[in-house]
Amino acid sequence: MKENEYLDLDFTDITTQLPLDRREFLKVIGGGIVVFLTIGDPTTAEAQRRRGRLPTDFNAFLRVGEDGRVTCFTGKIEMGQGVITSIPQSLADELDVPLDSVDIVMGDTDLCPWDMGTFGSMTTRFFVPPLREAAAEARAVLMELAAEHLKVPVDQLRVEAGVISDKKNSKNKVTYAELAKGKKIERYMEEKPPPKDFSELKVVGKPVMRRDALEKVTGVAKFAGDIRLSGMLYARILRPPAHDAKLTSVDTSAAEKMEGVQVVRDGDLVAVLHKLPDVAEAALAKVKAQYDRPESSVNDKTIFDHLLKTASESDTGAEGGNLAEGKKLSAHVFEETYLNSYVAHAPIENHTAIARIKGNKVTVWASTQAPFRVKDQVAEALGFPAENVRIIAPFVGGGFGGKTRCQQGIEAARLAKITGKPIQVAWSRAEEFFYDTFRPAAVVKITSGITDSGRISLWDYGVYYAGGRGSQQFYDIPHHRTMTHGGGRAHPFGTGAWRAPANNTNTFARESQIDIMAAKAGMDPVEFRLKNLKNEQVIRILKAAADRFGWTPAKAPSGRGYGVACGTDAGTWVAHMAEVEVDKNGHVQVKRVVCAQDMGLVINPQGATLQVESCVTMGLGYALAEEIRFKGGEILDSNFDTYEITRFSWTPEIETVLIDSDASPQGGGEPAIICMGGVVANAIFDATGARLFQLPMTPARIKEAMQKG
Amino acid sequence: MMETLSFKLNGKPMEMALDGERSLLWVLRTDLGLTGTKFGCGEGICGACTVIVDKEPVRSCQFSVKDVNGKEVITIEGLSRNGDLHPLQKAFVSHDALQCGFCTPGMILNAYSLLLKNPEPTREEIVESMEDNLCRCGSYGRIIEAIQTAAQEIKLLGKA
């Protein structure tokens, strides 16, 4: 599966209208110098073309304003991943202005041009390169204007901190603000001036602290639920007890008797509204509803057999050599099955939206990773033309892939249309768990083999329902095949992209299998990997991780509790090493994690380090505890009491090694999470000799594996 | 039942007539417009709604507003004084101890109460008292460091 294909899987229901007219934008921009650009990466452009609904115009622009300030307008959103800081870094460098004179306007569909959404670790890879080219174009325009103004040729000019001066007479100078004043210059990127060479960059590559931190530590930062509108009502919506339940009758009379409560029924939507959210909540508790519920035998225990039975479509991702030949070459053959359960996104901010209709225009403030997608959905739900719909994504309180869908925005808009009042829909934690698009439960089956000398001779890999991202192995194996299986109605509820989709499942299975073979070969797991690798990038990060970790060779289980795993995601390569302690009850304490990451040129080393720490910390959750329990369409986990995520006491010492590279920048938000299942599984084996084949590796499962010996 | 409550909110005296059984969280967020206090889980598990009542951290989603009568409430909006950030706020910024920032107000206020009681906590003591505040972005390690830094600064300043 190609890098971007999972996006298609995830976004098949996009019905993008044409973007707003260019003139509409120009009205709101004001004066100055404006450069429009389209995302130049062919893979993204190709993905969009295949969908056939691409904005043919532009999808970002930047302005050098009459005050000399630089502003980037982008449909990307900030959900903690830090692009609010790294995008301005790139612009500051390209335009030679101080970082604090760069502004960024994000996620507002009236102010920002069309954008597919913020996911897939794509902002830095696909959005920043053309943005740098646009900045180079703006700089070229400014240089031309300055040459005219200062009456010297362009090559006699230098720029520093937004001031252009004559190299021969430094008193002969002019500021960006003076040049932009009273101008209205539009440029459209056709021939792209080359941006600066990476070696010339001064702001990029330097650690920069978050620019949204001050607002966030003072409580000033606005998330969707913090928007307050005059006359606004809070809605609580009647929800079914299970995804497959059908409403047969509803009695809202008791709720209607409550003072100030308004009840709305519109087809399947039953909502109670009040000017106070807690009163709306109390009113909902008084609504009585009956449902028809089918019997279902699918639950969190039987799901894996169900998946294997349901799979009806297969796709060969990669193959080489001849599997029968590989089997003949193998002195030892290993057949293993790996499982992982459904996992929730569980951001601390629940899905929230506020909708207001004024005249024929609707504005929706929503916690969403894809404001332009919501725009089209709201337009369709209300029967409004898309140009009358404005979506604003304020700060998003964590997304991880779970806020690419925005059901709550549509619900708020429908209720606003029915009532004529501004409406807030904020999900409870139970609704958050119920309507989450979980990381899918999945099965991986691997048959592999090694020769007497410890060379991998066979690799036959099949993944069911996780998806293909990260499934292709990168070891030097002569006879191999990678298949992805799926199809049919497999899941009793919604599933979707969860931070590094599919790759957590695939990397756990692959790296566990590699360790099983290393142990059989009687080799240190790092040496076994190096012996079976030709890929220089992986070799380099494995060595870098081993250096920092202080890895010394030993055959597992060595009793030390050391583990290793490596992989690739979003163009970035990662290698992890971990040290764990396991007690007799199967409780694991991860003491230390080293992550070496090769992500090409690092735009903001501080931001990249934060993302690695985030991945390692969040990843411990799916490795050790996170698992959705369910019975048919009924979700049995509804809050953090039974659905455990990583806590303070679990947090290991985390060390990040960023490899020096001047290759083009790659993704940083997701890669370092992919190894967490594998590295912990391998460390548990090294500590105890117990091999875990199922995520999460709960104390009960570890204890059972230890007893098996 | 409607009742009149008097309490101090972020240093200012307040008087409100309202149903005392309502939760402090929604009174803060809706009636008083103080949206820095966040709703996370609604059951007192995640800590996003933490505020300070008479120096103790409380889960405002589980706390009846009548119980603030005669007491002093501090929310994230009241932590900085005269425009100066509290040392904890400064340390959260300088350590990059946040990402999405949604759990941050609760984290800072819980830490504030810890430092009032224990001005020089060990790492273990910090972990123990912060354990029930959840962060999905994975900033725990940096939050621990920020609390240690703030504790040092408060010690140097000689006041909390």
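The values are calculated or read from the model by the stated rules, or taken from the named source; none is laboratory data. None of these values were measured; they are calculated from a predicted model. Cβ placement follows ideal geometry from the backbone for every residue including glycine, while neighbour counts extend to all protein chains displayed.
See the values below:
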{"quantity": "Exclusive hit being within 14 Å of chain B (Cβ to nearest Cβ) and touching a residue at least 40 places away in the same chain (Cβ under 8 Å), set A:Ala430, A:Ala442", "calculated": "A:Ala430"}
{"quantity": "Criterion: outside any helix (DSSP H, G or I) and closer than 30 Å to A:Pro347 by Cα - qualifying residue of A:Arg158, A:Arg187, A:Arg210", "calculated": "A:Arg210"}
{"quantity": "Some residue of segment A:570-577 being in a loop (DSSP other than H, G, I, E, B), more than 12 Å from every other protein chain (Cβ to nearest Cβ) and either among the hydrophobic types (A, V, I, L, M, F, W, C) or surrounded by fewer than 23 Cβ atoms within 10 Å (Cβ to Cβ) (or both)", "calculated": "yes"}
{"quantity": "Test result for A:Ala221, closer than 29 Å to B:Cys135 by Cβ, surrounded by 22 or more Cβ atoms within 10 Å (Cβ to Cβ) and touching a residue at least 60 places away in the same chain (Cβ under 8 Å)", "calculated": "yes"}
{"quantity": "Breaking point among (1) surrounded by fewer than 21 Cβ atoms within 10 Å (Cβ to Cβ); (2) in contact with a strand residue (DSSP E or B) (Cβ under 8 Å, 6 or more places away or on another chain); (3) charged (D, E, K, R), for A:Asp662", "calculated": "(2)"}
{"quantity": "Only one of A:Leu91, A:Leu62 that is farther than 22 Å from A:Pro347 by Cα and in a helix (DSSP H, G or I)", "calculated": "A:Leu91"}
{"quantity": "Subset of segment B:58-94 that is among the acidic types (Asp, Glu) and part of a strand (DSSP E or B) - its residue that is farthest from A:Asp278 (Cα to Cα)", "calculated": "B:Asp84"}
{"quantity": "Qualifying positions in segment B:5-24 - under 15 Å from B:Asp54 (Cβ atoms) and over 19 Å from the mean Cα position of the chain (by Cα)", "calculated": "B:Leu5, B:Ser6"}
{"quantity": "Qualifying position, being within 13 Å of another protein chain (Cβ to nearest Cβ), crowded, with 24+ Cβ neighbours inside 10 Å and in contact with a Leu (Cβ under 9 Å, 6 or more places away or on another chain), among A:Glu613, A:Glu626", "calculated": "A:Glu626"}
{"quantity": "Segment A:313-339 residues that are assigned by TED's automatic domain parsing to the domain that holds A:Arg469 and assigned to a helix (DSSP H, G or I), paired with ones that are among the β-branched types (Val, Ile, Thr) and surrounded by fewer than 16 Cβ atoms within 10 Å (Cβ to Cβ) (beta carbon under 7 Å, 6 or more apart)", "calculated": "A:Lys327/A:Val333; A:Leu329/A:Thr451"}
{"quantity": "Selection status of A:Thr447, more than 12 Å from chain B (Cβ to nearest Cβ), more than 23 Å from A:Ala271 (Cβ to Cβ), touching a helix residue (DSSP H, G or I) at 6+ places or on another chain (Cβ under 7 Å) and β-branched (Val, Ile, Thr)", "calculated": "no"}
{"quantity": "Sole exception among (1) buried (at least 20 other Cβ atoms within 10 Å of the Cβ); (2) within 9 Å of chain A (Cβ to nearest Cβ); (3) touching a residue at least 40 places away in the same chain (Cβ under 8 Å) for B:Val68, by number", "calculated": "(2)"}
{"quantity": "Selection count where residues are under 29 Å from B:Ala48 (Cα atoms), modelled with pLDDT of 95 or more and part of a loop (DSSP other than H, G, I, E, B), scope segment A:370-393", "calculated": "1"}
{"quantity": "Positions within segment B:79-90 being crowded, with 20+ Cβ neighbours inside 10 Å and more than 9 Å from chain A (Cβ to nearest Cβ), in sequence order", "calculated": "B:Pro87"}
{"quantity": "Index of the failed condition, B:Leu109 passing every other in (1) free of Cβ contacts under 8 Å to residues at least 60 places away in the same chain; (2) outside any helix (DSSP H, G or I)", "calculated": "(2)"}
{"quantity": "Hey, A:Pro696 in contact with a Leu (Cβ under 6 Å, 6 or more places away or on another chain) and modelled with pLDDT of 95 or more or not", "calculated": "yes"}
{"quantity": "Scope segment A:518-540; condition in a loop (DSSP other than H, G, I, E, B), of a type in the set (D, E, K, R) and surrounded by fewer than 15 Cβ atoms within 10 Å (Cβ to Cβ); matching residues", "calculated": "A:Lys534"}
{"quantity": "Flag for A:Met122 being under 30 Å from A:Val364 (Cβ atoms) and either among the aliphatic types (A, V, I, L, M) or more than 20 Å from the chain's Cα centre (by Cα) (or both)", "calculated": "yes"}
{"quantity": "Matching residues, segment A:578-614, being in contact with an Asp or Glu (Cβ under 7 Å, 6 or more places away or on another chain), under 25 Å from A:Arg469 (Cβ atoms) and either outside any loop (DSSP other than H, G, I, E, B) or outside the structural domain of A:Gly667 (by TED's automatic domain parsing) (or both)", "calculated": "A:Val594, A:Leu610"}
{"quantity": "Residue list for segment A:456-488, restricted to those being in contact with a helix residue (DSSP H, G or I) (Cβ under 7 Å, 6 or more places away or on another chain), among the small types (Gly, Ala, Ser) and assigned to a strand (DSSP E or B)", "calculated": "A:Ser457"}
{"quantity": "Residue that is surrounded by the most Cβ atoms within 10 Å (Cβ to Cβ), among those in segment A:468-496 that are under 19 Å from the mean Cα position of the chain (by Cα) and closer than 24 Å to A:Gln537 by Cα", "calculated": "A:Arg469"}
{"quantity": "Criterion (among the small types (Gly, Ala, Ser) and either closer than 30 Å to B:Ala91 by Cα or within 14 Å of chain B (Cβ to nearest Cβ) (or both)) met by exactly one of A:Gly205, A:Gly182, A:Gly267", "calculated": "A:Gly205"}
{"quantity": "Which listed residue is within 14 Å of chain B (Cβ to nearest Cβ) and of a type in the set (A, V, I, L, M, F, W, C), from A:Ala683, A:Ala672", "calculated": "A:Ala672"}
{"quantity": "Residues located in segment A:274-331, provided they are surrounded by 14 or more Cβ atoms within 10 Å (Cβ to Cβ), out of contact with any strand residue (DSSP E or B) (no Cβ under 7 Å at 6 or more places or on another chain), among the β-branched types (Val, Ile, Thr) and more than 14 Å from every other protein chain (Cβ to nearest Cβ)", "calculated": "A:Val298, A:Ile303, A:Thr310"}
{"quantity": "Out of A:Val580, A:Val574, A:Val538, sole residue that is hydrophobic (A, V, I, L, M, F, W, C), in contact with a Pro (Cβ under 7 Å, 6 or more places away or on another chain) and over 22 Å from A:His332 (Cβ atoms)", "calculated": "A:Val574"}
{"quantity": "Every residue from segment A:629-650 that is of a type in the set (A, V, I, L, M) and either within 12 Å of chain B (Cβ to nearest Cβ) or part of a loop (DSSP other than H, G, I, E, B) (or both)", "calculated": "A:Leu636, A:Ile645"}
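Results for (1) modelled with pLDDT of 90 or more; (2) buried (at least 23 other Cβ atoms within 10 Å of the Cβ); (3) more than 13 Å from A:Ala134 (Cβ to Cβ); (4) among the charged types (D, E, K, R), shown as yes or no for each residue.
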| position | (1), (2), (3), (4) |
| --- | --- |
| A:Leu62 | no, yes, no, no |
| A:Gly80 | no, yes, yes, no |
| A:Ala92 | yes, yes, yes, no |
| A:Met116 | no, yes, yes, no |
